[in-house]
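Participant: This is the structure I want to talk about, given as structure tokens.
The values are calculated or read from the model by the stated rules, or taken from the named source; none is laboratory data. This structure is a prediction, so every number in the text was calculated from the model and none was measured. Cβ: placed from backbone, ideal geometry, glycine included. Neighbour counts: every protein chain shown. Note: accessible area is taken over every heavy atom of the protein model, side chains too, but ligands, DNA and RNA are not part of it. Shrake-Rupley method; radii C 1.70, N 1.55, O 1.52, S 1.80 Å.
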Amino acid sequence: MATITRRRRADGKLAYRVQDRTTGFPSLSETFPTLKAARDYKRKIEAERISAQAGIRRGRQTLAETIDDFKESADWRRRKSANDTARHLAWWSARIGQLPLAKITPDLIADHLHTLEAQGRTGATVNRYRSALSRVFRYAVNTRRWTDHNPCSMIERRPEGRRRERVITPDEWRRLLAAARELAKAEPKQRLSESERRYSPRAQLPNFLRVAYGTAARKSDVAWLRWEYVDLGEKVVTFPDPKSGHGYSVPLIDDALAAIQEQAELRRDGCPFVFPSRKGNDRPPAFEKPFAAARALAGLDQPDARGEVLTIHHLRHSAA
């Protein structure tokens with residue numbers, strides 16, 4: 001609730017300061033020349049805030065509660081990078097998840113981002129942690145009305161350094177694809193049925209790489225590609241929702257076309273994805289771990305002269 005403090009001004013006259021720090025609302029501080037004016041203002045803001053709080057717990061949800069609620073939303077189910085975002089949000093939840101939204105300030109967030117930098121994380125990585133938390137606050141503000149501001153908006157993004165420029169040579173591509181095919185045939189560590197093995201990320205990795213290399217599409221766009229956007233008759237694939245926000249179509253030729261034709265053998269009812277997961281129909285499999293294993297097997301896991309280690313995204317550079 002609001003408080004009134006009597007103070008003496010520089011000219012010797014008395015003044016009365018009204019302060020209010022109600023959880024879930026911006027802090028207020030106003031000064032009045034008379035006690036009556038201060039009391040009137042105090043009653044006014046208390047009535048307004050009690051009225052605004054009727055039926056809701058504005059700002060009192062903890063960050064952990066908000067994250068859990070966000071992960072049940074349609075927005076979360078549409079996210080292509082949900083695995084990475086989930087890891088970032090788990091990091092935030094472990095550190096400040098117990099705090100109410102109204103108690104999470106820009107300074108507090110900045111301190112934790114500085115901790116990441118002190119641990120040697122790059123500017124790009126720190127920005128991903130900031131963006132994940134910012135998305136939760138935007139959800140709390142715009143969808144749930146649990147708070148009225150996003151503290152992340154007051155924190156500047158870190159510089160992300162120079163762009164990745166590595167390309168894969170024809171010899172490296174042959175070695176990488178050969179390694180991926182060798183891994184696809186290898187016996188997995190866990191015991192899987194024959195049908196489960198066909199749908200594993202390792203088994204689908206060669207075709208995933210062939211499509212990525214043949215279309216110059218981003219990793220997430222290839223992984224989330226749906227059959228409704230593939231026209232095998234016209235030999236065209238469409239990426240309707242890329243990072244740029246502008247959909248585009250790409251002709252399917254040679255290896256990329258053959259890879260998608262092979263994936264058609266894995267098509268099943270209820271699963272819209274060209275690369276289906278053995279764990280369900282809601283999400284495609286994650287290819288980062290099998291790619292890292294194939295890269296190591298091909299001897300391509302060392303930095304080049306520019307200090308860059310081969311990633312899936314570099315196939316996009318190479319195709320371009």
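Participant: Once both axes come from the Cα atoms, what is the angle between helix 201-215 and the longest principal axis of the chain, in degrees from 0 to 90, rounded to 10?
Facilitator: 90
Participant: Rolling a 1.4 angstrom probe over the protein chains, ignoring ligands and nucleic acids, what is the accessible area of Val167 in square angstrom, nearest 10?
Facilitator: 80
Participant: Name the most mobile residue of Ala180, Ala294, Ala38, meaning the one with the largest mean-square fluctuation, in a Gaussian network model of the chain with Cα contacts below 10 Å.
Facilitator: In the Gaussian network model the winner is Ala38.
Participant: Let me ask something additional. Modelled label-to-label distance, Arg87 and Leu108, 7 Å Cα→beta-carbon offset: nm?
Facilitator: 2.6
Participant: Here's another thing I want to ask about it. Within the chain, what's the longest stretch lacking GluC sites (Glu not before Pro) that sit in DSSP loops with no more than 16 other Cβ atoms inside 10 Å? Walk me through the numbers before you get to the answer.
Facilitator: Working: sites that count: Glu72, Glu156, Glu160, Glu165, Glu234, Glu308.
Longest gap between qualifying sites, sites excluded: 73-155.
Participant: Mind putting a number on the dipole of the stretch 74-147 about its Cα centre? Charges go on the C-beta only, +1 for Lys and Arg and -1 for Asp and Glu, and I need it in Debye to the nearest 20.
Facilitator: On the way: 14 positive and 5 negative charges, 93 e Å.
So the dipole magnitude of the stretch 74-147 works out to roughly 440 debye.
Participant: Could you give the size of the charge dipole of the chain about its Cα centre, using +1 on the Cβ of each K and R and -1 on the Cβ of each D and E, expressed in debye and rounded to the nearest 20? Mind showing how you got there, number by number?
Facilitator: Numbers: 61 positive and 40 negative charges, 338 e Å.
Roughly 1620 debye for the chain.
Participant: Cross-link partners among lysines for Lys36, C-alpha distance below 21 Å, same-chain residues fewer than 8 apart left out?
Facilitator: Within reach: Lys13, Lys44.
Participant: Most fluctuating residue of Gly123, Gly97, Gly270 in a GNM of the chain with Cα springs under 10 Å: which is it?
Facilitator: Maximum among the listed residues: Gly270.
Participant: Determine the relative contact order of the stretch 124-177: mean sequence separation of Cα pairs under 8 Å and six or more apart, normalised by residue count, in whole percent. Write down the numbers at each step before the final one.
Facilitator: Working: 24 pairs, mean separation 19.0, N = 54.
After rounding, I find 35 percent.
Participant: Sticking with this one: Would you look at the GNM of the chain, springs on alpha carbons closer than 10 Å, and say which of Thr85, Thr147, Thr122 moves the most?
Facilitator: Answer for the Gaussian network model of the chain: Thr122.
Participant: Quick one: helix 35-53 against the long Cα principal axis of the chain, what's the angle to the nearest 10°, folded into 0 to 90?
Facilitator: Value to nearest ten degrees: 30.
Participant: If you don't mind, another one. At a Cα cut-off below 19 Å, give the aspartates and glutamates reachable from Lys42, other chains included and same-chain residues fewer than 8 away excluded.
Facilitator: Once the sequence-local aspartates and glutamates are set aside, what remains near Lys42 is Asp20, Glu30.
Participant: To continue, here is another question. Excluding residues fewer than 8 places away in the same chain, name every one of the lysines whose C-alpha is closer than 20 Å to that of Lys289.
Facilitator: The qualifying lysines are Lys80, Lys185, Lys189, Lys219, Lys279.
Participant: Just going by the charge dipole of the stretch 161-221, with Lys and Arg at +1 and Asp and Glu at -1 on Cβ, which of Pro206, Leu176, Ala216 is farthest out on the positive end?
Facilitator: Ranked along the dipole, the leading option is Ala216.
Participant: Roughly how tilted is helix 170-185, in degrees to the nearest 10 and between 0 and 90, from the longest Cα axis of the chain?
Facilitator: 90
Participant: Loop only per DSSP, at most 15 neighbouring Cβ atoms within 10 Å: give me the trypsin sites (Lys or Arg not before Pro) in the stretch 213-266, ordered by residue number.
Facilitator: On the way: sites: Arg218, Lys219, Arg226, Lys235, Lys243; in loops: Arg218, Lys235, Lys243.
Listed in order of number, the matching sites are Lys235, Lys243.
Participant: Positive end of the charge dipole of the chain (Lys, Arg +1 and Asp, Glu -1 on Cβ, about the Cα centre): tell me which of Gly299, Thr66, Leu225 has its Cα farthest that way.
Facilitator: Of the options given, the answer is Thr66.
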